[in-house]
Structure formats: structure tokens, C-alpha cells
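S.K.: Questions regarding the structure given below will be posed in turn.
The values are calculated or read from the model by the stated rules, or taken from the named source; none is laboratory data. Since this is a predicted model, take the numbers as computed values, not measurements. Note: ideal-geometry Cβ built from the backbone for every residue, glycine included; neighbour counts use all protein chains shown. Please note that ligands, DNA and RNA were not included when accessible areas were found on the heavy atoms of the full protein model with its side chains. Shrake-Rupley method; radii C 1.70, N 1.55, O 1.52, S 1.80 Å.
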Amino acid sequence: QVKLVESGGGSVQAGGSLSLTCTASGVTFTRCDMAWYRQAEGKERKLVSSIRRDGFTMYIESVKGRFAASRDNAQNTLYLQMTNLKSEDTAVYLCRADCTHTDYDGDSWESTYWGQGTQVTVSS
């Protein structure tokens, strides 16, 4: 079965740094587009960064220059390195995978998977 597990969350002071990890299992990682989302208390879930299977990476404007997303296909792992953290970054951070599967007959389909999330709290 497919499983995404986030780790690395915690509590830091404003200006500090934190690194998150998402480990995937049960998928062919190279056939997945990956993304980090975050959801603050009482707010909608929002895309933070994405890394396509071809390596193309994007960030929302508010985290550009502070966050760096990367992936290690050999380890089936997605990373998010966060620096100069602000109180506005406080949220549950979730890992998402959009993956292509192929069955024994050669039929392909797309599936979306979510991790359980890890809490990041930035105090000022």
C-alpha cells in the first residue's frame, strides 16, 4: 500500500531553521509529482512548493528565498529546507504525491496521496 510519512516538524523561534522530510513507500517515486502543502489553524490548505517528476520546482512568493524543496529519487524522499522562519509559517505541513500507475495490461492511471502532516510552530 502507498504511504507518505512526514517528519522533522517542531517548534522554533522566528528567524530559525527547520528541515522537513517526506518518505514515500508503495509507489514508483520517479513517476510521481511531489508537493508540500501547509494548513494553518482555521485556514484553507495551501500549496507551498512542488517538484515535478522531471525536476521542475516552484515556490509560492511568500517562501521564495527562504524555503528550498528537493527530492532524492533513490531514497524515495522529498525534503523541505526552511530558513528565516516567520510566525506566518506556523502550520501543519503535508506531503502530496501525484503518481502514475501502470497495471499488468499496460493501462495507466493517476492517483493522489497525502501524508498525515507534521506540525511546524514558529514563535516570535
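S.K.: Could you tell me whether the range 38-60 includes any residue that is polar (S, T, N, Q), touching a His at 6+ places or on another chain (Cβ under 9 Å) and open to solvent by less than 80 Å² (accessible area, probe 1.4 Å)?
M.R.: No, the conditions are met nowhere in the range 38-60.
S.K.: Restricting attention to the range 16-43, and to residues there that are within 25 Å of Thr90 (Cα to Cα) and hydroxyl-bearing (Ser, Thr, Tyr), which single residue is farthest from the chain's Cα centre (by Cα)?
M.R.: Step one: of the range 16-43, the residues within 25 Å of Thr90 (Cα to Cα) are 16-24, 33-43.
Imposing the further condition that a residue be hydroxyl-bearing (Ser, Thr, Tyr) reduces the set to 17, 19, 21, 23, 37.
Values: Ser17: 16, Ser19: 11, Thr21: 8, Thr23: 10, Tyr37: 6 Å.
It comes out as Ser17.
Table: residues versus (1) buried (at least 16 other Cβ atoms within 10 Å of the Cβ); (2) of a type outside the set (A, V, I, L, M); (3) under 11 Å from Ala97 (Cα atoms).
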residue	(1), (2), (3)
Val27	yes, no, yes
Cys32	yes, yes, yes
Gly65	no, yes, no
Ala69	yes, no, no
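S.K.: Turning to a different aspect of this structure: Hey, among the residues in the range 90-107 that are open to solvent by 40 Å² or more (accessible area, probe 1.4 Å) and within 12 Å of the chain's Cα centre (by Cα), which one's nearest to Arg52 (Cα to Cα)?
M.R.: The selected residue is Arg96.
S.K.: Got a number for residues in the range 97-124 being part of a strand (DSSP E or B), more than 16 Å from Val63 (Cβ to Cβ) and not polar (S, T, N, Q)?
M.R.: First pass over the range 97-124, keeping only residues part of a strand (DSSP E or B): 97-102, 108-114, 118-123.
When the remaining residues are screened for being more than 16 Å from Val63 (Cβ to Cβ), the result is 97-102, 108-114, 118-119, 121, 123.
Next, from what is left, pick out any that are not polar (S, T, N, Q): 97-99, 101, 109-110, 113-114.
Residues flagged as part of a strand (DSSP E or B), more than 16 Å from Val63 (Cβ to Cβ) and not polar (S, T, N, Q) within the range 97-124 amount to 8.
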